[in-house]
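Report on one structure; see the data block that follows.
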Amino acid sequence: MGKIINNSSILITGGSGSFGHSFASLTLKNFNPKRLVIFSRDEMKQWEMAKLFKDDPRVRFFIGDVRDKDRLHRALDNIDYVAHAAATKIVPTAEYNPFECVKTNINGAMNLIDACIDQKVKKVVALSTDKASSPINLYGATKLASDKLFTASNSSYAGGQVTSFSVVRYGNVMGSRGSVIPYFDLLKDQEELPITDNRMTRFMISLEQGVNLVWHAFEDMVGGEIYVKKIPSMKIIDIAKVIAPKARHKIIGIRPGEKLHEEMISIDDANSTYEYSNYYKILPQINEWSNDNLRIKNGKKVPEGFMYTSDNNSEWMTNSDFKNWIDKNKDYIGKI
């Protein structure tokens, strides 16, 4: 898996964020790319990240914004593969700054698609989110639009070109900045911990699993697929109990734009969703691609009415397994 990366040039948009750190480290460790370009707009994050890779000549840094099409065009010169992680993704930030969210998540996707086609990039994998499935907030709506742009661009826009586009979809990454684990960890010594709803559930995915899904997509994709990793769920209240076992819980209610349970695959997507050993694949319904054997491969059609949500999951992370993960990753929680 991921062997096509060897001796290739890769660019990561939003590359100085949580995903970019892990993708760069794991890719350089497991493969031998010719060049790995970190493209992002935060010079301080790039400066800090550059210190971690200062002895590796394969790593390059490029200040730029996906809103700037000309800068993307320059950065993508001689690039083979792109992992698109750049996004405005904090739900309240998107709600209060809707124009800015649209500029990055939708206009930025359009710019990247254009620039990749023009520069003859081979394959592009865009990162999506559970919030793009049946969206109820602006962030989710912009990411759904982004997903549609990437999947449709294989035919209606890039027809006859060399560039293929696909999407990987997963929820909040365990321990990443702004997620619930570092938030609870920050409050663990207090007497009371705020809980939105004691019924709330969330999918649990590690950064390494997310990176592996992108590697798999690069290898497997024909174009237009949305890959969804099979991952365990946990109740938010159990996460709180593991991190702060002595704290009382105060139910504060669900915040605007927040769901009680995460959804990766909606009931409406079931008609074009196929199951594999450790992931699902949603195929586009345009151009009869959902019946294309090159895209389906050895997949099995999910049953009618199927949904993949964090509360109806068949796999659950135990408190013991979660505690082991915390102990193993305590130095990194909330740092990237």
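Bear in mind that the values in this text are calculations on the coordinates, not laboratory data. All values derive from a computational prediction rather than experimental measurement. Neighbour counts run over all protein chains shown; Cβ positions are idealised from the backbone, glycine included.
Helix-only mean residue ellipticity at 222 nm, the chain, DSSP H runs n ≥ 4 weighted -39,500 (n - 2.57), per residue, nearest 500. What is it?
-9500 deg cm²/dmol
Just grab the label-to-label distance for Ser320 and Asn198, each label 7 Å out from Cα along the Cβ direction, in nm (one decimal).
2.5
In nanometres, what is the gap between the two model label sites at His73 and Lys246, each 7 Å from Cα along Cα-to-Cβ?
Computed distance between label sites His73 and Lys246 equals 6.2 nm.
Can you pull a Stokes-Einstein diffusion coefficient for the chain at 10 °C (1.306 mPa s), Rh from Kirkwood over Cα pairs, as a whole number of µm²/s?
Taking Rh from Cα pairs, D becomes 78 µm²/s.
Taking the number of other C-beta atoms within 10 Å as the exposure measure, put Thr151, Thr163 in order starting with the fewest.
Ordered from fewest to most neighbouring Cβ atoms within 10 Å, Thr151, Thr163 come out as Thr163, Thr151.
Please give, to one decimal in nm, the separation of the simple spin-label points placed at Ile136 and Ile267, each 7 Å out from Cα toward the Cβ.
Taking the two extended label points, one gets 1.5 nm.
How much length is gained if the chain between Lys120 and Ile90 is pulled fully straight, taking 0.36 nm per residue apart and subtracting their Cα-Cα distance, in nm to one decimal?
That works out to 7.6 nm of additional length.
Calculate how steeply helix 43-52 sits against the longest principal axis of the alpha-carbon atoms of the chain, using the helix alpha-carbon long axis, and give the answer as 0 to 90 degrees to the nearest 10.
Around 90 degrees separate the two axes.
So for the chain, averaging the separation of alpha carbon pairs under 8 Å that are six or more residues apart and normalising by length, what relative contact order in percent results?
16 percent.
Taking the DSSP beta bridges in the chain as the whole, what percent of them are antiparallel, to the nearest 5?
Taking every DSSP beta bridge within the chain, about 30 percent pair in antiparallel fashion.
Hey, with R₀ at 22 Å, roughly what FRET efficiency would Arg177 and Lys34 work out to, going by the Cβ-Cβ distance, to 0.05?
Here the calculated transfer efficiency is 0.15.
Cut-off 10 angstrom, C-alpha nodes, Gaussian network model of the chain. Which of Glu262, Glu48, Glu95 fluctuates the most?
Highest fluctuation among the options: Glu48.
Assuming R0 = 30 Å, what is the FRET efficiency of Asn298 and Val162, from their Cβ-Cβ distance, to the nearest 0.05?
Efficiency for this residue pair is about 0.70.
At a temperature of 10 °C and a viscosity of 1.306 mPa s, determine how fast region 1-130 diffuses translationally according to Stokes-Einstein, using the Kirkwood radius over alpha-carbon pairs as Rh; express D in µm²/s, rounded to the nearest whole number.
Result for D is 107 µm²/s.
Taking only C-alpha pairs under 8 Å that are 6+ residues apart, what is the relative contact order of region 221-299 in percent?
42
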